[in-house]
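Right, one structure below, let's go through it.
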């Protein structure tokens, strides 16, 4: 169940077939396999061996794609860095994982040089892009022209192959250790759940540093499907790629679907090849689901719920459940049912399972669950107990086994002894036409413990105030759930690398502002 | 990826749902999980521990089904014995695997008592059936009433959980060591390839000692599907079960499908619930496929190709390829394409891969491949080389990746330097209306090395002779492939436990007869 075997099988069975298109060049499975073996050879020449870390800071590219196979090929560990992070955040990640080699593409070369100078562990800086390398960097492409194929290290199924740093909403970077087995099993689960068994042209618009995109590297290789890699997300390029390559499979976040559907030139492109859209990584809305199902009735939509620590799939809402019937609408508010190898338990704060239908923390177990956080035994022990991973998400499971995610456990507000799920309050606020964006957090309150506080970005040109919004909520949800204070904000919300609102930052900002009063 | 986890997950997520119906009683997933834990407790009380062997000689039953989970639960190894074997063959198997405990049902109790007396390793004989145990046997059911749940042994993914003895066509019993991982991966592959992801009522008419039936224990538990266990195959009971339980999923051998379609009272039963029929374990014919597809157009047919050593799936011919178009008819002669995690190579006698399209031995690799043969390092080394399992089947793969099985390598005849596949000659013979059954073997020949020899059972009342049959073949296949001698036979062919003609016995009989001339 080693990752390189997935590639070797594809190259062996479908060697001449297209594997990857990048920058308008198409590579066969044999090309990719040979490139991976030689990229591994280049790294081995630099002294990289089993257990060593190799980081890459790059937009999506052929090189980055290839490293997903080349690094585990020699038993080393790949860290695909999130290029959206600040320099200070990159340093924190690199100091945590201490790679021997840092690769970067052209757009990230400048930052990479600074990082290489700053981080003592980095022995080699490698330019993984066309053109001449900047000063102090070796050229991967030049080295590849003469590199030999590396021998495959006999890694075990449970050896770590990747560290994915959680962009997190809590600040401190944590390297999620994912093993060969974690991704191998998830790939089988992905083929099964997303109906990817059939070899079909696939578009990769998401960033490879995100596990939801990275998993598509392996599902595509398992089904020998042709993947078109986009350097980064661009709407018109996405449309053109679908049209040109007759793309059938896509993995998107809800925002991308929304942007596609709202695009004024949507109908100028032929998107009729689309067959399977997997979406996830962020909640969708019933309104968006309805628009998507109506616009593209030929497409099978599937929602994937998961997280980096689960490599990533936990539950899938299947295509059959994406209907505009009453049952379909109800089910589309869920994240679907657990994958065939994932067990799910809902736990109260003491760690006891609650009866079916009750809400609590979503806790999961299966061969896809991470080995732990890199160099963080305490943080690992806090979330991995008896093989059960504590997701930090709050939710419940209905009688039919559909899982509903309510909120992050830590975003749950306890006010006067009552639990308030921030997402429920946010949903109520969102229904007000004057609200463009909102986030609900708990703030300290002397008598209630916490009070419900809303941060709202008004819609452009809207006139809306605190009193009106509180009154609006009281018509929709229980009094105790309604915000006791609403803060209007014109600057954008602080977002994580995964585009999630960082509520801890909102809380910090709120407390700092109050301290300054 | 431990087998007991599959059951624990099903009991946890769908505890109240029906898991198994046997003898008109239905048990929930919680019932089965508890019964497995307590059956494990009974065995542990008898001193069975990690690595110990436990054998069962029984028709299909709830007890046997439960043992598939209970034995690996405590890290022990289950051997489901083939009740069709002779006493001498059973002794050979039991002496090879040396179980501490032998369980048997009522119909096999007499033979089991003899075997327990004969085999020194057997410390306990256990009656796994209703009613009083025979003398010298303990009662599993009595023990279960007071047994506690065993703790689960922390087996590793690669620990052996089962020995399946190959009925083989070569005589000597070999215990195929299948690990937790082998079956876990195969179960995911089964869900994926047979479209068993959806929880649907499943009928188990085949014998649990056969790996193709046993795998359905795990696929059903992974999808929490309800399985109706038949004690043994009976056509009318099969029909009644489908009708009563609205069975959607079935796993059948081609002979069963043929018997169903030919049954005079077929149309008296409501079989309209059938959705997915997986078939395999023996070659089908285009004529049978056509009849089946025509009779049941609503059913998705899938052919599985595999073997015990591959736990068992290697390739699947998908439902979309079961059509009566020209392409469909061509593809239905193949065994389909390799599963997502199975690599397939076609090798010449020197072990070198032949170019795509060329024929040779089918050699496979993947996490489903057995650990080896129990206590047989030489036999293991002969078939497992660098992780590649040499199947002994001859075949080729076409440009689209469809695998065609031609023959057993050892049934290939080399005559005057030419390779003759016995199945090709048998197909030609079968076209003669006077031939009920036939087998083609190689016999020693002084100048050709081997000569092609046919053994034929004539159809009832048919008048057919050697000259006529040879002439019939010459009209159909190349001269050198035609039998040079034909032996008429009235007694039935010698069959293996898997209902395959034992060609080695035919060869022995031929040589003995010639020696006696």
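The values are calculated or read from the model by the stated rules, or taken from the named source; none is laboratory data. Computed from a predicted structure; not experimentally measured. Ideal geometry is used to build each Cβ from the backbone, glycine not excepted, and the neighbour counts take in all protein chains shown.
Residues are listed down the side, and each one gets a yes or a no for (1) within 13 Å of another protein chain (Cβ to nearest Cβ); (2) over 26 Å from residue B:180 (Cβ atoms); (3) in contact with a strand residue (DSSP E or B) (Cβ under 6 Å, 6 or more places away or on another chain):
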position	(1), (2), (3)
B:320	yes, yes, no
B:335	no, yes, yes
B:342	yes, no, yes
B:348	no, yes, yes
B:351	no, yes, no
B:359	no, yes, yes
B:363	yes, no, yes
B:367	yes, no, no
B:370	no, no, yes
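For residue B:238, the criteria (1) buried (at least 22 other Cβ atoms within 10 Å of the Cβ); (2) in contact (Cβ under 8 Å) with a residue 40 or more places away in the chain; (3) away from chain A (no Cβ under 14 Å); (4) within 24 Å of residue B:289 (Cα to Cα) hold in every case but one, which is (2). Only a single item in (1) under 19 Å from the mean Cα position of the chain (by Cα); (2) more than 14 Å from every other protein chain (Cβ to nearest Cβ) is not met by residue B:220, and it is number (2). When you look at residue B:256, is it surrounded by fewer than 22 Cβ atoms within 10 Å (Cβ to Cβ), touching a strand residue (DSSP E or B) at 6+ places or on another chain (Cβ under 9 Å) and in a loop (DSSP other than H, G, I, E, B), yes or no? Considered against the rule, which asks whether it is surrounded by fewer than 22 Cβ atoms within 10 Å (Cβ to Cβ), touching a strand residue (DSSP E or B) at 6+ places or on another chain (Cβ under 9 Å) and in a loop (DSSP other than H, G, I, E, B), residue B:256 comes out as no. Residue A:284 meets all of the listed conditions (1) more than 14 Å from every other protein chain (Cβ to nearest Cβ); (2) more than 25 Å from residue A:499 (Cα to Cα) but one, namely (2). For residue B:101, the criteria (1) more than 24 Å from residue B:499 (Cα to Cα); (2) in contact (Cβ under 8 Å) with a residue 60 or more places away in the chain; (3) touching a strand residue (DSSP E or B) at 6+ places or on another chain (Cβ under 8 Å) hold in every case but one, which is (2).
Which condition number in (1) in a helix (DSSP H, G or I); (2) within 14 Å of another protein chain (Cβ to nearest Cβ); (3) in contact with a strand residue (DSSP E or B) (Cβ under 9 Å, 6 or more places away or on another chain) is the one that residue A:16 fails? Among (1) in a helix (DSSP H, G or I); (2) within 14 Å of another protein chain (Cβ to nearest Cβ); (3) in contact with a strand residue (DSSP E or B) (Cβ under 9 Å, 6 or more places away or on another chain), residue A:16 violates only (1).
May I ask you to verify whether residue A:38 is assigned by TED's automatic domain parsing to the domain that holds residue A:209, farther than 30 Å from residue B:398 by Cα and either out of contact with any helix residue (DSSP H, G or I) (no Cβ under 6 Å at 6 or more places or on another chain) or crowded, with 19+ Cβ neighbours inside 10 Å (or both)?
Against the criterion (assigned by TED's automatic domain parsing to the domain that holds residue A:209, farther than 30 Å from residue B:398 by Cα and either out of contact with any helix residue (DSSP H, G or I) (no Cβ under 6 Å at 6 or more places or on another chain) or crowded, with 19+ Cβ neighbours inside 10 Å (or both)), residue A:38 does not qualify.
Every test in (1) crowded, with 19+ Cβ neighbours inside 10 Å; (2) within 27 Å of residue A:476 (Cβ to Cβ) is passed by residue A:373 save one, and that test is (2). Residues in the range B:475-496 that are within 23 Å of residue B:513 (Cβ to Cβ) and either over 35 Å from the mean Cα position of the chain (by Cα) or part of a loop (DSSP other than H, G, I, E, B) (or both): B:482, B:483, B:484, B:489, B:490, B:491, B:492, B:493, B:494, B:496. As a summary of the residue check, residue B:58 satisfies the conditions (1) on the phi < 0 side of the Ramachandran plot; (2) free of Cβ contacts under 8 Å to residues at least 60 places away in the same chain except for the one numbered (2).
Within the range B:306-345, the set of residues being within 15 Å of residue B:397 (Cβ to Cβ), within 19 Å of the chain's Cα centre (by Cα) and outside any strand (DSSP E or B) comprises B:334, B:335, B:336, B:339, B:342. Residues in the range A:433-474 that are in a loop (DSSP other than H, G, I, E, B) and within 23 Å of residue A:408 (Cα to Cα): 1 in all.
Within the range B:382-408, being closer than 20 Å to residue B:372 by Cβ and more than 14 Å from every other protein chain (Cβ to nearest Cβ) holds for B:382, B:383, B:384, B:385, B:389, B:390, B:391, B:392, B:393.
For the range A:423-441, state whether one or more residues are touching a residue at least 60 places away in the same chain (Cβ under 8 Å), outside the structural domain of residue A:178 (by TED's automatic domain parsing), under 30 Å from residue A:93 (Cα atoms) and more than 22 Å from the chain's Cα centre (by Cα). So far as the range A:423-441 goes, yes, one or more of its residues are touching a residue at least 60 places away in the same chain (Cβ under 8 Å), outside the structural domain of residue A:178 (by TED's automatic domain parsing), under 30 Å from residue A:93 (Cα atoms) and more than 22 Å from the chain's Cα centre (by Cα). Tell me, please, whether a residue that is more than 14 Å from every other protein chain (Cβ to nearest Cβ), within 26 Å of residue B:9 (Cβ to Cβ) and either touching a helix residue (DSSP H, G or I) at 6+ places or on another chain (Cβ under 6 Å) or outside any strand (DSSP E or B) (or both) can be found in the range A:288-303. Scanning the range A:288-303 turns up no residue that is more than 14 Å from every other protein chain (Cβ to nearest Cβ), within 26 Å of residue B:9 (Cβ to Cβ) and either touching a helix residue (DSSP H, G or I) at 6+ places or on another chain (Cβ under 6 Å) or outside any strand (DSSP E or B) (or both). Reported count of residues in the range B:482-513, each being touching a helix residue (DSSP H, G or I) at 6+ places or on another chain (Cβ under 8 Å) and modelled with pLDDT under 90, is 4.
So, of the residues in the range B:258-281 that are in contact (Cβ under 8 Å) with a residue 60 or more places away in the chain and closer than 28 Å to residue B:180 by Cβ, which turns out to be nearest to the chain's Cα centre (by Cα)?
The residue in question is B:281.
Is there a residue being assigned to a helix (DSSP H, G or I), within 14 Å of chain B (Cβ to nearest Cβ) and under 25 Å from residue A:79 (Cβ atoms) anywhere in the range A:34-46? Within the range A:34-46, none of the residues are assigned to a helix (DSSP H, G or I), within 14 Å of chain B (Cβ to nearest Cβ) and under 25 Å from residue A:79 (Cβ atoms). Within the range A:388-432, being out of contact with any helix residue (DSSP H, G or I) (no Cβ under 6 Å at 6 or more places or on another chain), over 15 Å from residue A:348 (Cα atoms) and assigned to a helix (DSSP H, G or I) holds for A:423, A:424, A:426, A:427, A:429, A:430.
Matching residues to (1) surrounded by fewer than 22 Cβ atoms within 10 Å (Cβ to Cβ); (2) within 20 Å of the chain's Cα centre (by Cα):
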{"site": "A:86", "(1), (2)": "yes, yes"}
{"site": "A:91", "(1), (2)": "yes, no"}
{"site": "A:99", "(1), (2)": "no, no"}
{"site": "A:102", "(1), (2)": "no, no"}
{"site": "A:107", "(1), (2)": "yes, no"}
{"site": "A:114", "(1), (2)": "yes, no"}
{"site": "A:117", "(1), (2)": "yes, no"}
{"site": "A:122", "(1), (2)": "yes, no"}
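The criterion of being buried (at least 21 other Cβ atoms within 10 Å of the Cβ) and either at pLDDT below 95 or in the same structural domain as residue B:98 (by TED's automatic domain parsing) (or both) does not hold for residue B:130. Being within 15 Å of residue A:206 (Cβ to Cβ) and loosely packed, with under 15 Cβ neighbours inside 10 Å is a description that does not apply to residue A:270. Under the condition of being within 14 Å of chain B (Cβ to nearest Cβ) and in contact with a strand residue (DSSP E or B) (Cβ under 8 Å, 6 or more places away or on another chain), the residues counted in the range A:183-214 number 9.
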